[in-house]
Amino acid sequence: MSNDEKLRDYLKRVSASLQDTRLRLEEAEARYTEPIAVVGMACRYPGGVRSPEELWRLVAEGRDAIAEFPADRGWDLDALYDPDPDRTGTSYTRHGGFLAAAAGFDADFFGISPRESGTIDPQQRLLLETTWEALESAGLDPAALRSTPVGVFTGIMYNDYGSRLNPLPAAVEGQVGIGSAPSVASGRIAYTYGFEGPAVTVDTACSSSLVALHLAAQALRSGECTLALAGGATVMATPNTFVEFSRQRGLSPDGRCKAFSADADGTGWGEGVALLLLERLSDARANGHPVLAVVRGSAVNQDGTSSQLSAPHGPSQERVIRAALAAAGLGAADVDAVEAHGTGTRLGDPIEAQALLATYGRERPAGRPLWLGSVKSNIGHAQAAAGVAGVIKMVQALRHGVLPATLHVDEPTGEVDWASGGVELLRAPVEWAAGERPRRAGVSAFGISGTNAHVILEEAPAGAAPVPLPAASEAAPGAVTEPTPARSELPSVAAPVLLSARSEAALAAAAGRLADWLEGPGARTALSEVAAWTLTRGARHRLGAAVVSPDRDELLAGLRALAEQTAHPAVVSGRLADSPGGVVLVFPGQGSQWVGMGGGAADRPVGRRVGGRRRQRPVLDGGFGHRRIDRRTRRLGRGTGRPGTSRPGGLRLPLRPRRGPPHHDPGRAGPHPSQALRHPVLLDRHRCSAGHRHPGRRVLVP
């Protein structure tokens, strides 16, 4: 080989190597910047809010969830309140946003003993419940995710539950420490559900839940997990934070956050718990999971050395916003609205508004201001669960096409030069209709320690899986897994609406919640859609019930009877079988032998012997359009033709193996066969139906 030939060969190899390197770099960059889909949500917030849809209704209706101190926490309410801000040991406000029955918990549902349950911080208990609800809202069976790489990222900033007990009673020594440790919050979720991805508890104070979301997105993009739960929880077991901020004169006397208002007079403390279920957008599409919205980009930074340790810092807020936009590959004009930190303080709100004017407010198109609001005006400052509340609000705003009003703003604060940029307060609801480009929103959260976070949300892309009705099966006790209003006008049919639970009381409660929804927000939803959702989504527990009626009123009456634990002709209930049968697929080949094969299979129990009995399974015809066999005449029901002559001449279809990550259940969208009967020539089709990998060759359909 001459030198010229050697040089050409070398250059070819170098060129091929460079091309391969370029492709790998592009793939890595695409993975690093891939949008993250929000596929499930669950929450509890003040005002009796127990689901994302209830939070949306509270915000959209402009309701205020602030109330007086709770009477069920053992606080000395008479001694706690004093209007004098200088009196030590007291609070000059007696209002805030509190979770109702925050201590309620069904330990038996999670296999936790009553003794241990009492030592577990309510924040951890609520996170266990909302984990279940978030998974079921995406149509996933929590039990199916055991031993899979699901990540857990929780924000928690209080551990005062155990400190109430001083000295510790002997009966709880050795358990309270673990029950109150914030680090255990994420680990307890992973332990209880069997998740094997990263489990991280974050404490950056009021930015904790958004920082958790940022870390979860990074873990998904890096491949550390295939699904991730991200959010936060705050329950104030003691009134210490009210006493502390009363001495600093940082609280609003009436407990309300008047974000960006001329009347702003301090923050109002609140509580809450919320989790988002996240997945890479490409995986969510491949798995058919509902995409509520996507996280386009996020960023986290620190104030560094600023004017004060706990004071907000405008330049740092500007930097984190620009970093989030850069991560999303967007400009400031590409974002329509921002859900602000907006705590209602005279110091923090003007600093935040000026940072927004300096970033989002510049060079905006005429007639397209940045709309600014804060959910804290409705529920108070939920602290470690505040940022994720803003995310849920904006996801719901994207879905409903409305930007809701911010409360308690008669006049914007005069400490901000609002005319210096295109930023306007949402003092009234604003329509947010879909346009030529995707709608987007930013969400901010700033921690008292100086850790700032900003997230860019975008509406679900075209072609993403539609958002289904949430499950009607049992969520964590006391939880409300509420269906989303459907837009379809499918006619109602006599399909079974299924419910299941682990106890009679929980089954009755699930029936009551579904009946309430069908009489309210779901009044226009076809019964066929409700039945389809309950059939294909959620876990199945040991107790079950079916309500069957084509008439809406009768179905509602059946649900009410089930809720009241009384008999009704439309209701069938009982204990689910330990070894239920499955579906058998039959591939009859040329067709002439179908009557014998199908008829014999229909008469004989098909399947393995279980406990001395064979399990009966319905038979589906894989070649003639799902027809039934008349057992008396051995004749086929109505179909496309008669046996032996119905062979769609040479129709060929490409078959591919079913693929998916470990948590993907490819049989959720249709029959999942437990067994298949085949003609010898249909080995390939048999293998594909069973989920075996296959080179993708074409096979003849009988």
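The values are calculated or read from the model by the stated rules, or taken from the named source; none is laboratory data. Quick caveat, the model's predicted, so the values are computed rather than measured. Here the Cβ is made from the backbone with ideal geometry for all residues, glycine too, and neighbour counts use every protein chain on show. For accessibility, only protein heavy atoms count, side chains too; no ligands or nucleic acids. Shrake-Rupley method; radii C 1.70, N 1.55, O 1.52, S 1.80 Å.
Compute from the Cα atoms of the range 347-447 the Rg and the Dmax, the latter being the longest Cα-Cα distance, and quote both in angstrom.
According to the Cα coordinates of the range 347-447, Rg and Dmax are 13.6, 38 Å.
Tell me, what is a quarter of the convex hull surface for the C-alpha atoms of the range 4-63, in nm² with one decimal?
Dividing the Cα hull surface by four gives the mean projection, 6.2 nm².
Can you bin the range 496-567 into rounded, prolate or oblate? Criterion: square roots of the alpha carbon gyration tensor eigenvalues sorted a ≥ b ≥ c, rounded for a/c under 1.5, prolate for a/b above b/c, oblate for the rest.
Here the range 496-567 falls in the oblate category.
Mind checking which lysines have their C-alpha under 28 Å from K258, skipping anything on the same chain fewer than 8 residues away?
Qualifying lysines at Cα under 28 Å: K376, K393.
Could you tell me the accessible area of W269 in Å² (1.4 Å probe, neighbours in place), rounded to the nearest ten?
10
By how many nm would the segment from E431 to R22 grow when fully extended, if each residue of separation counts as 0.36 nm and the alpha-carbon distance is taken off?
142.8 nm
Ignoring ligands and nucleic acids, what accessible area does F446 show with a 1.4 Å probe (Å², nearest 10)?
Near enough 20 Å² of accessible area.
Mind running the shape call on the range 297-358? Use the C-alpha gyration tensor, a ≥ b ≥ c as the square roots of the eigenvalues: rounded below 1.5 for a/c, prolate if a/b tops b/c, oblate otherwise.
Oblate, since a/c reaches 1.5 and b/c is not below a/b.
Say a paramagnetic label sat at a point 7 Å from the Cα of Y32, along Cα to Cβ; which residues of the range 411-445 have their backbone N under 16 Å from it?
The answer is none.
Would you mind giving the average projected area, over all directions, of the Cα convex hull of the range 66-142 in nm² with one decimal?
7.1
Please label the shape of the range 36-97 as rounded, prolate or oblate, based on the square roots a ≥ b ≥ c of the eigenvalues of the alpha-carbon gyration tensor (a/c under 1.5 means rounded; beyond that, a/b larger than b/c means prolate, else oblate).
Prolate.
Using only the heavy atoms of the protein chains and a 1.4 Å probe, how would D160, D551 rank by accessible area, largest first?
Most to least solvent-accessible, the answer reads D551, D160.
So how far apart, in nm, are the two label points at E415 and L535 if each is 7 Å from Cα heading toward Cβ?
For E415 paired with L535, the spin-label model returns 6.0 nm.
Consider just the alpha-carbon atoms of the range 237-328 and return their Rg together with their Dmax, both in angstrom.
19.0, 54
Of all trypsin sites (Lys or Arg not before Pro) in the range 219-275, which ones are in loop regions per DSSP and have a Cβ with at most 16 other Cβ atoms within 10 Å?
R249
Hull surface divided by four, with the convex hull built on the Cα atoms of the range 1-144: how many nm²?
Over all viewing directions, the range 1-144 projects a mean Cα-hull area of 19.4 nm².
At a 1.4 Å probe radius, which order do H400, H568 fall into by accessible area, largest first?
H400, H568
Heads up, I need the accessible area for D553: 1.4 angstrom probe, whole protein in place, Å², nearest 10.
Using a 1.4 Å probe on the heavy atoms, I get roughly 110 Å².
Kindly state, to the nearest 0.05, the FRET efficiency for A71 paired with D263, given R0 = 22 Å and r defined as their beta-carbon distance.
Step by step, r from the Cβ atoms, then E = 0.15.
What whole number of Å gives the distance from the Cα centroid of the range 1-60 to the Cα centroid of the range 504-572?
Measuring centre to centre over Cα atoms gives 41 Å.
Give me the number: length gained by fully extending S449 to D551, i.e. 0.36 nm times residue separation minus the C-alpha to C-alpha distance, one decimal in nm.
30.9 nm is the gain from fully extending S449 to D551.
Just the C-alpha atoms of the range 86-126: what Rg/Rh do they give, with Rh taken as the Kirkwood radius?
1.21
Give me the accessible area per residue for the range 255-390, probe 1.4 Å, as a whole number in Å².
Per-residue value: 28 Å².
Pop the C-beta distance of A505 and E244 into the FRET formula with R0 = 45 Å and round what comes out to the nearest 0.05.
That pair, A505 with E244, gives E of 0.65.
Taking every Cα atom in the range 391-439, find the radius of gyration and the maximum pairwise distance Dmax, and write them in Å.
13.1, 36
Quick one: accessible area per residue over the range 1-113, 1.4 Å probe, rounded to a whole number of Å²?
For the range 1-113, the per-residue accessible area is 58 Å².
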